[in-house]
Amino acid sequence: MKHQGMTLWFTGLSGAGKTTISKAVEARLREQGYKVEVLDGDVVRENLTKGLGFSKADRDENIRRIGFVAQLLTRNGVIVIVSAISPYRAIRDEVRGKIGNFVEIYVNAPLAVCEERDVKGLYKKARAGEIKSFTGIDDPYEPPLNPEVECRTDRETLAESVEKVMAKLNEYVHVNNSVSKVA
């Protein structure tokens, strides 16, 4: 028996914790025998959307391409984990409409916290003017209005955030239910 495909779309500022939570969710799902694919924004930019810049049009196109791949995988029974800043609400809503089985997860942390966590030094470079159009500094991030899950990574542990995501996913595909697992 197969499980239903689903896209878990993690959105939030750089440094909010999208990749950390999505990796933990991926590990939990794989341990339980689910078909899972991860589309990480940084990896996708290197391989699928190389050549796109950071203008609004290019960012939208980047998210459309990620959404297209997620849609294909979702309709083929895969749980897709997308971890991408995806700063603009309208394009997130557009891909939600195309994918269908879509859970928006807002990984929320204040800008100051994200800057403290900045392991890549991107915020520092943006503040120094070395990176232009950086989301949260000189380019907007439009938070989701009604995400299915909100992870407040400045207030909750990784385990608490993962449990929120797993509980929501369970509502859709009955995670932990052996009838829904891949045979």
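Run down Glu115, Glu104, Glu130 and say which single residue is acidic (Asp, Glu), over 14 Å from Gly12 (Cβ atoms) and touching a helix residue (DSSP H, G or I) at 6+ places or on another chain (Cβ under 9 Å).
Unique residue meeting the criteria: Glu130.
Considering only the range 33-90, state which residues are assigned to a strand (DSSP E or B) and under 11 Å from Met6 (Cα atoms).
Within the range 33-90, Val36, Glu37, Ile79, Val80, Ile81, Val82 qualify.
Output the number of the condition that Ile131 fails; it satisfies all remaining conditions of (1) of a type outside the set (Phe, Trp, Tyr); (2) assigned to a loop (DSSP other than H, G, I, E, B); (3) in contact with a strand residue (DSSP E or B) (Cβ under 6 Å, 6 or more places away or on another chain).
Answer for Ile131: the failing condition is (3).
For the range 63-100, give me the residue count where each residue is loosely packed, with under 15 Cβ neighbours inside 10 Å and among the acidic types (Asp, Glu).
Residues that pass the stated criteria total 1.
Return yes or no: is Ala109 among the small types (Gly, Ala, Ser), modelled with pLDDT of 95 or more and open to solvent by less than 10 Å² (accessible area, probe 1.4 Å)?
Yes.
Can you confirm whether Leu158 is among the aliphatic types (A, V, I, L, M) and exposed (fewer than 15 other Cβ atoms within 10 Å of the Cβ)?
Judged against the criteria, Leu158 is a match.
Say whether the condition of being of a type in the set (S, T, N, Q) and without any contact (Cβ under 8 Å) to a residue 24 or more places away in the chain is met by at least one residue in the range 130-145.
no
Mind checking which residues of the range 112-129 are open to solvent by less than 40 Å² (accessible area, probe 1.4 Å), touching a residue at least 40 places away in the same chain (Cβ under 8 Å) and of a type outside the set (Asp, Glu)?
Hits for the range 112-129 are Val113, Cys114, Tyr123.
If you go through the range 19-62, how many residues are of a type in the set (A, V, I, L, M, F, W, C), under 19 Å from Thr135 (Cβ atoms), open to solvent by 50 Å² or more (accessible area, probe 1.4 Å) and without any contact (Cβ under 8 Å) to a residue 24 or more places away in the chain?
2
Of the residues that make up the range 134-148, is at least one part of a strand (DSSP E or B), surrounded by 15 or more Cβ atoms within 10 Å (Cβ to Cβ) and out of contact with any Phe, Trp or Tyr (no Cβ under 8 Å at 6 or more places or on another chain)?
No: the range 134-148 contains no residue that is part of a strand (DSSP E or B), surrounded by 15 or more Cβ atoms within 10 Å (Cβ to Cβ) and out of contact with any Phe, Trp or Tyr (no Cβ under 8 Å at 6 or more places or on another chain).
The values are calculated or read from the model by the stated rules, or taken from the named source; none is laboratory data. Since this is a predicted model, take the numbers as computed values, not measurements. Backbone-built Cβ (ideal geometry, glycine too); neighbour counts: all protein chains shown. Remember, those area values only see protein heavy atoms, side chains included, never the ligands or the DNA or RNA. Shrake-Rupley method; radii C 1.70, N 1.55, O 1.52, S 1.80 Å.
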